[in-house]
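Novice: Before we start, here is the structure in question, set down as structure tokens.
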Amino acid sequence: MIAALITLIGLGEATYLTVVYLTGETAVCGGSADCFQVLGSKYAKIGSIPVAGFGALAYFLAFSFATFAAFGYARAQKLFALLITAMFAATLWLLFVQAFLLHAFCRYCLFSAAIIFLLTGLAVARPTTD
């Protein structure tokens, strides 16, 4: 259940960034120019869909899998672990982009990365059961 609650935080953040992108508003970045640079870069979207939209979908799926796993569904626990692995890989790529291609960091992105690292730790600490 802890993982399910943590995914809700990520879902909220990713949903906020998706809505900001789709409405054309400016994210509240606390005056950080780096944040605007990252969120406005070509890496912030795939086609016309914001990366945060994919993140929101992934967090929703992670929440669903974690909830079902908490109620004893073994398949959901395996799906949760697979999804978190994919999210971890995507997070590593996005951190690479920020550090080495954009030379700028977004606070929202770093917060999401921290959430994914925490979820990965939880998934590793509690391996799937057969």
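The values are calculated or read from the model by the stated rules, or taken from the named source; none is laboratory data. Given the structure is predicted, the values throughout are model-derived calculations rather than measurements. Cβ coordinates were reconstructed from backbone atoms using ideal geometry, including for glycine residues, and neighbour counts include every protein chain displayed. These area figures cover heavy atoms from the full protein model, side chains too; ligands, DNA and RNA do not enter into them. Shrake-Rupley method; radii C 1.70, N 1.55, O 1.52, S 1.80 Å.
Novice: Hey, Ala125 hits all of (1) touching a Phe, Trp or Tyr at 6+ places or on another chain (Cβ under 8 Å); (2) farther than 30 Å from Gly40 by Cα; (3) among the hydrophobic types (A, V, I, L, M, F, W, C) but one; which does it fall short on?
Specialist: Failed condition: (1).
Novice: Now, a different point. Got a number for residues in region 64-97 being modelled with pLDDT of 95 or more, open to solvent by less than 60 Å² (accessible area, probe 1.4 Å) and not aliphatic (A, V, I, L, M)?
Specialist: Total meeting the criteria: 5.
Novice: Continuing with this model, one more query. Which of the residues spanning region 22-55 are in contact (Cβ under 8 Å) with a residue 24 or more places away in the chain, surrounded by 12 or more Cβ atoms within 10 Å (Cβ to Cβ) and outside any helix (DSSP H, G or I)?
Specialist: The answer is Ala27, Cys29, Ser32, Ser41, Lys45, Pro50.
Novice: Condition first: modelled with pLDDT of 95 or more and closer than 29 Å to Ile2 by Cα. Can you find one or more residues in region 21-28 that meet it?
Specialist: The answer is no, given that none of the residues of region 21-28 is modelled with pLDDT of 95 or more and closer than 29 Å to Ile2 by Cα.
Novice: So, in region 40-71, how many residues would count as being farther than 16 Å from Ala86 by Cβ and touching a strand residue (DSSP E or B) at 6+ places or on another chain (Cβ under 7 Å)?
Specialist: 1
Novice: Sticking with this structure for a sec: Inspect all residues belonging to region 99-109 and state whether any of them is open to solvent by less than 30 Å² (accessible area, probe 1.4 Å), within 24 Å of Val20 (Cβ to Cβ) and at pLDDT below 95.
Specialist: yes
Novice: Let me ask something additional. If Ala123 satisfies all but one of (1) free of Cβ contacts under 8 Å to residues at least 60 places away in the same chain; (2) in contact with a Ser or Thr (Cβ under 8 Å, 6 or more places away or on another chain), what's the number of the condition it fails?
Specialist: All conditions pass for Ala123, except number (1).
Novice: Would you mind stating whether Ala58 is farther than 28 Å from Ala123 by Cβ, surrounded by 15 or more Cβ atoms within 10 Å (Cβ to Cβ) and in contact with a helix residue (DSSP H, G or I) (Cβ under 9 Å, 6 or more places away or on another chain)?
Specialist: No, not satisfied.
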